[in-house]
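Colleague: Below you'll find the structure I mean.
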Amino acid sequence: MSTSTSGSTTGSATATASAKGLGRPGLWRWRVVDIVVASVIAVACALIFLLWNVGYEVPSSLLKPLLPGVQGLLAGPWLIAGVLGGLIIRKPGAALYTELVAAVISALVGNAWGPLTIVSGIVQGLGAELVLLVFLYGVWRLPVAMLAGAGAGLACGINDRILWYAGADTLFTVVYIVSTTISGAVIAGLGGWLIARGLAATGALARFAAGREVTARV
């Protein structure tokens, strides 16, 4: 099958899935493999969280003097779990599940933000989840992945403003929220999409539509 034919077929399948809406068969049913893989994604991303909990300090100290709130550009690594889980599992709740579980692990291991890390996980996961819902869990292209990352970043920025920067002025608020949104789109959205495609190319996602789509084009 040629690349153009394969791309056309995939596009038609995506359009058909979207047309059937949220009631299409199997969309709401999680398989055992879905739960297992989503949990593995969450644990792997939790390790990223734990490393970034410490690693962000240096770049943050360099960015803060440049413009108040621009340190929000560093939020992306904390947002990737939800986007990656959503792209691979492709079930309602997957983005929320992976982001929340990763946040719970981060909180249990210990960090500077304590139990409020879990609140952040819920809010950020919902930010990505709502974008995927808008597309009826039927469109999984790069622009949607970046929008999901942006949604997680927007939710992150608003949540942080409420929880951690309650006294911040308008300039900080705008710059910070815009920065977290951009970071979510690029690091979590584009980054998550590239990771998902890389995993699919290895055959590791053969039991998922995300894996079959990539291998079908090879």
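The values are calculated or read from the model by the stated rules, or taken from the named source; none is laboratory data. Owing to the predicted nature of the structure, the values given are computational and were not obtained by experimental measurement. Surface accessibility is based on the protein's heavy atoms, side chains included, excluding ligands, DNA and RNA. Shrake-Rupley method; radii C 1.70, N 1.55, O 1.52, S 1.80 Å.
Colleague: Using Cα atoms only, what is the angle between the long axis of helix 116-134 and the major principal axis of the chain, expressed in degrees (0 to 90) to the nearest 10?
Modeller: So the inclination is approximately 40 degrees.
Colleague: Here's a follow-up. Mean-square fluctuation check for the chain, GNM, Cα pairs under 10 Å: which of VAL58, VAL83, VAL119 is largest?
Modeller: Highest fluctuation of the listed residues: VAL58.
Colleague: Within the accessible area of the range 155-218, what % is carbon and sulfur when the probe is 1.4 Å and the other protein chains stay in place?
Modeller: Numbers: 2260 of 3260 Å².
Reported share for carbon and sulfur atoms: 69 percent.
Colleague: What residue among THR170, THR202, THR181 has the largest mean-square fluctuation in a Gaussian network model of the chain, using Cα springs under 10 Å?
Modeller: Sorting by GNM fluctuation, first place goes to THR170.
Colleague: Turning to a different aspect of this structure: Where only protein heavy atoms count, and the probe is 1.4 Å, what is the accessible area per residue for the chain in Å²?
Modeller: On the way: 10340 Å² over 218 residues.
I get 47 Å² per residue for the chain.
Colleague: Further, regarding this structure: By how many degrees, 0 to 90 and rounded to 10, does the Cα axis of helix 170-183 deviate from the longest principal axis of the chain?
Modeller: Helix 170-183 and the main axis of the chain meet at about 30 degrees.
Colleague: ³J(HN,Hα) across the range 186-197 via Karplus (A = 6.51, B = -1.76, C = 1.60, θ = phi - 60°), whole Hz, x for Gly/Pro?
Modeller: 7, 6, 7, x, 5, x, x, 5, 5, 5, 4, 5
Colleague: Then there's this: Let me check against my output: what whole-number percent is the relative contact order of the range 104-197, with C-alpha pairs under 8 Å and at least 6 apart?
Modeller: Details: 109 pairs, mean separation 28.3, N = 94.
With pairs under 8 Å counted, the relative contact order is 30 percent.
Colleague: So between ARG212 and VAL174, what do we pick up on full extension, going 0.36 nm a residue minus the alpha carbon distance?
Modeller: Details: separation 38, 0.36 × 38 = 13.68 nm, distance 4.09 nm.
The span from ARG212 to VAL174 would gain 9.6 nm if fully extended.
Colleague: When the Karplus curve 6.51 cos²θ - 1.76 cosθ + 1.60 is applied with θ = phi - 60°, which whole-Hz ³J(HN,Hα) does each residue of the range 136-143 get, with x for Gly and Pro?
Modeller: Those phi angles translate into 6, 6, x, 10, 10, 7, 4, x Hz.
Colleague: Something else: What whole-number distance in Å separates the alpha-carbon centres of the range 78-101 and the range 116-172?
Modeller: One Cα centre to the other: 12 Å.
Colleague: For the chain, what does the helix formula give at 222 nm: sum of -39500 (n - 2.57) over DSSP H segments with n ≥ 4, over the residue count, nearest 500 deg cm²/dmol? Mind dumping the intermediate values first?
Modeller: Details: 10 runs with 149 residues, N = 218.
Dividing the helical sum by the residues of the chain leaves -22500 deg cm²/dmol.
Colleague: While we're here: Ordered by residue, what ³J(HN,Hα) values in Hz, to whole numbers, does the range 36-44 give under the Karplus form 6.51 cos²θ - 1.76 cosθ + 1.60, where θ = phi - 60° and Gly and Pro are x?
Modeller: Along the range 36-44, the couplings run 5, 5, 4, 5, 5, 4, 4, 5, 4 Hz.
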